[in-house]
Amino acid sequence: MARNKRPLALSAAVLLTGLCACAAPESVPAPTPEAAEDPEQEAVRWLSDENHRAFAVGDFWVTLNHIEEDKSRIQVWDPNHLSAPLQTMEQTLETPYFFGVSEVADANFDGYPDFGCLYFMGNQPTYWNYWLWDPEAGEFVEEPALAEVCAPEFDAAGQVVRSYTRGGYAGLVGTHAFYRWEEGELVCVRRTDSSVIPGATEEQDRVLLTVEDRVDGKLTPVVRAEYTVDSRGWFPVEEAWQDLAYHGES
């Protein structure tokens, strides 16, 4: 399926087909038909329903339909040929209250827009399912690896997918992970983790900082250090390792 880069405006006018009138039995006078909604009014009414969402992804339209408490149906449409969807997928929602939260991003940095749909939201962690455009197949293909990445951020300039998972102490500790695409595979190239080591009292708690860097094709521990909570001593070390060009002091 050919795909051009021409942006299209998302028009509600043709998202839905018109209503069909049923013929009345011949023996009963047919009532005067009510004026049918025009397609634009019908589409607006469809989109205003809490169980429906729609958004544009490049030259395509994507609609979301909340079909069950824990499931949504995702359909991809060519806006010029709306007789049938190009693709239909389903998504299981672990947090159905946030149905319809979606984003458009170039998740694999190939120049084509992709899209993601939220399936879980906690106090901070969020997890998404992403569908990436495959120009050879001419369709969007789900990428399971991204579903395991917490709160992904796509840094096209650095060609890095960043992730952060909040830990304890009101976010003073947590896990930062950094991924790159290598031959179509999402690979974790660095992870920093700060976690609390409980002491006999809260004042005696300490923070353990670990850093894993990719060495010879696998994550390898390169830092392991403890700090007092009050010192915040792990902050500058953790921040330095969040620069992927940094590989430790020489």
Amide H neighbours of Q87 under 5 Å, counting only residues 5+ apart in sequence or on other chains, H built in-plane at 1.01 Å? V76
What figure, in Å² to the nearest 10, do you get for the accessible area of Y179 with a 1.4 Å probe and non-protein molecules left out? 30
Please list H52, H247 from largest to smallest accessible area, probe radius 1.4 Å, with all protein chains kept in place. H247, H52
Region 146-250: projected area of the alpha-carbon convex hull, averaged over directions, in nm²: 7.7
What does the extension gain come out to for E182 and V222, with contour length at 0.36 nm per residue minus their alpha carbon separation? 12.2 nm
Simple spin-label model, 7 Å along Cα-to-Cβ: R45 to A137 in nm? 3.7
Would you pull out the residues with amide H under 5 Å of V189's amide H, same chain only if 5 or more places away, H placed 1.01 Å from N? F178, Y179, R180
Going by the alpha-carbon gyration tensor, a ≥ b ≥ c the square roots of its eigenvalues, is region 79-201 rounded (a/c under 1.5) or, if a/c is not under 1.5, prolate (a/b greater than b/c) versus oblate? oblate
Amide H to amide H, which residues 5 or more places from V223 or on other chains are under 5 Å from it, using H placed in the peptide plane? V211
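The values are calculated or read from the model by the stated rules, or taken from the named source; none is laboratory data. Predicted model, so just to flag it, every value in this text is computed and none were measured. With ideal geometry, Cβ positions are generated from the backbone for all residues, glycine too; neighbour counts draw on all protein chains shown. These area figures cover heavy atoms from the full protein model, side chains too; ligands, DNA and RNA do not enter into them. Shrake-Rupley method; radii C 1.70, N 1.55, O 1.52, S 1.80 Å.
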